[in-house]
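A.B. asks: Let me begin by handing over the structure; questions about it come next.
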Amino acid sequence: MSAISHNPASPAIILGIESSCDETAVALVRADRTILAQRIASQEAEHAPYGGVVPEIAARAHAERLAPMLEGVMGDAGLALGDVDAIAATAGPGLIGGVMVGLVSAKALAMASGKPLIAVNHLEGHALSPRLADADLAFPYLLLLVSGGHCQILRVEGVGSYRRLATTIDDALGEAFDKTAKILGLGYPGGPAVERLALEGDPKAVPLPRPLKGSAEPHFSFAGLKSAALRAVESGAHQPADIAASFQQAAIDCLIDRLEKALRDHGALPALVVAGGVAANKAVRGALEALASRHAMRFCAPPMALCTDNAAMIAWAGLERMAAQGAEFAGDPLDLRARPRWPLDDSAEAVRGAGVKA
Ligand code: KG4
Ligand code: ZN
């Protein structure tokens, strides 16, 4: 097993907190990959009237829910703060008000308990989440990280070592799904609704563009696809289900084309891994699985509940860091600041429009 090293007699336990977007989440995870307890409160109802996440409403909702959820999770696991080895919280990237609510709570708990604080990059949480579900997934792997704020291809070399091979020059794919859902009148969040409607449609019915397909640059672009879907709706010439299915197929074609390019340019890796909210989409998963099998790569997708935002992945990223640093592990300083933008690969050149949400 590509194990996290731990003392089998008393594996470490980390409390994780996630509050970077519209899910408030708390989890207790043990180094032997057991999720001891977790709670997730979605803010769908609060944001639905606006068709998207309103940062001020999100921050307030996190602030109201977090303390009772922390109490609930500790109670569910029958543990006290003294039983926990460290407290991990998302410190960015994301909506800054919400991130601060989670991070400040984690700092207060760390201070009160004397346990180390671990400030986790939300993207790192997504990037390492497949290893929580799959003990056999070893480094390095090729990762497609597709969420509401990001669409990136990364080479994951190890804990804390990420090389970005491609990113979006405009919209993230989840964002394009959400906007397409909005214009189709499917409500928020849009990804699952588009996926459901697409099941009834013909993916070839509506001619939609595949932006940057075949391009010599490695990146993604979804703004043109989203606008074309909008024009298709406004034309009144197509069935909504056909638009949903054609949009989803165009998006998948773009993902596969860009991944094929990354494999050509950088060589194959033992495993292809997908993470982030859009990884919950079964058609996307199916196409990625076929791609992996064409390249004799292992395909790994975490269970649906670990794809969308959750705190187990944040606790797990903390456990991975603790194990990787071994005796040198000391946690992060309590005056650490929340970061609205925080790239996983600091050396990657900035690309116009890459999102701040994760
Ligand atoms: O990672 P995530 O939970 O949140 C952040 O963006 O940080 O991803 C949420 C995104 C939303 O845009 C949502 O519409 C999309 O993931 N999503 C999906 C599906 N489930 C969630 N997109 C397509 N198909 C789905 N089944
Ligand atoms: Zn996320």
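A.B. asks: Please compute the length gained on full extension between GLU157 and ARG298, using 0.36 nm multiplied by the number of residues separating them and subtracting their Cα-Cα distance. Write out the running numbers ahead of the final one.
C.D. replies: On the way: separation 141, 0.36 × 141 = 50.76 nm, distance 1.61 nm.
That pair, GLU157 and ARG298, stretches by 49.2 nm at full extension.
A.B. asks: Cα to Cα, under 19 Å, and not fewer than 8 places away if on the same chain: which aspartates and glutamates meet these conditions relative to LYS115?
C.D. replies: Filter leaves GLU18, GLU71, ASP83, ASP85, GLU320, GLU328, ASP332, ASP335.
A.B. asks: Could you tell me what fraction of 2.2 N^0.38 Å the Cα radius of gyration of region 11-85 comes to, as a two-decimal ratio?
C.D. replies: 1.23
A.B. asks: With everything on Cα atoms, drop me the angle between helix 282-294 and the longest principal axis of the chain, reported from 0 to 90° to the nearest 10.
C.D. replies: 90 degrees
A.B. asks: Still on this model: Between ARG196 and SER235, how many nm apart are label points set 7 Å from Cα along the C-beta direction?
C.D. replies: So the two model labels end up 2.7 nm from each other.
A.B. asks: While we're looking at this one, here's another question. If Rh is defined by the Kirkwood formula over all Cα pairs and Rg also comes from Cα, what ratio Rg/Rh do you get for region 42-81?
C.D. replies: Over the Cα atoms of region 42-81, Rg/Rh equals 1.16.
A.B. asks: Among 262-272, 217-227, 22-32, how do they line up from the highest to the lowest mean number of other beta-carbon atoms within 10 Å?
C.D. replies: Numbers: 262-272: 15.8, 217-227: 20.6, 22-32: 24.4.
Top of the packing list down: 22-32, 217-227, 262-272.
A.B. asks: Another question, then. How much length, in nm to one decimal, is gained on full extension between PHE139 and SER42, taken as 0.36 nm per residue of separation minus their Cα-Cα distance?
C.D. replies: Going from the current span to full extension adds 31.7 nm.
A.B. asks: When the label point is put 7 Å from the Cα of SER215 along its Cα-to-beta-carbon vector, which residues of region 266-280 have a backbone N closer than 20 Å?
C.D. replies: Answer for region 266-280: 266.
A.B. asks: Give, in whole angstrom and from largest to smallest, the semi-axes √(5λ) of the equivalent ellipsoid of region 141-301, with λ running over the eigenvalues of the Cα gyration tensor.
C.D. replies: 27, 15, 14
A.B. asks: Convex hull over the alpha-carbon atoms of the chain: what's its volume per residue in Å³?
C.D. replies: Cα-based convex hull of the chain, divided per residue, equals 127 Å³.
A.B. asks: For region 302-337 and region 20-78, what is the separation of their Cα centres, given in Å?
C.D. replies: 16 Å
A.B. asks: Could you work out the relative contact order of the chain? I mean the mean sequence separation of Cα pairs under 8 Å and 6+ apart, divided by the number of residues, in percent. Present the calculation step by step, with values, prior to reporting the outcome.
C.D. replies: Details: 795 pairs, mean separation 88.0, N = 358.
Reported relative contact order: 25 percent.
A.B. asks: Filter LYS179/LYS261; LYS179/LYS282; LYS226/LYS261 down to the pairs with a C-alpha to C-alpha distance above 25 Å, please. Write out the running numbers ahead of the final one.
C.D. replies: Values: LYS179/LYS261 27 Å; LYS179/LYS282 19 Å; LYS226/LYS261 23 Å.
From the list (LYS179/LYS261; LYS179/LYS282; LYS226/LYS261), the Cα-Cα distance tops 25 Å for LYS179/LYS261.
A.B. asks: Can you tell me the orientation of helix 122-133 relative to the chain, as the angle in degrees between its alpha-carbon axis and the longest Cα principal axis, to the nearest 10?
C.D. replies: It works out to around 80 degrees.
A.B. asks: If one takes the longest principal axis of the Cα atoms in the chain, at what angle in degrees, from 0 to 90 and to the nearest 10, does the Cα axis of helix 223-235 lie?
C.D. replies: Compared with the principal axis, the helix lies near 50 degrees.
Quick note: the coordinates plus some simple rules give every number you see, no bench work behind them. Every value quoted in this text rests on a predicted model; they were computed, and no experiment measured them. Backbone-built Cβ (ideal geometry, glycine too); neighbour counts: all protein chains shown.
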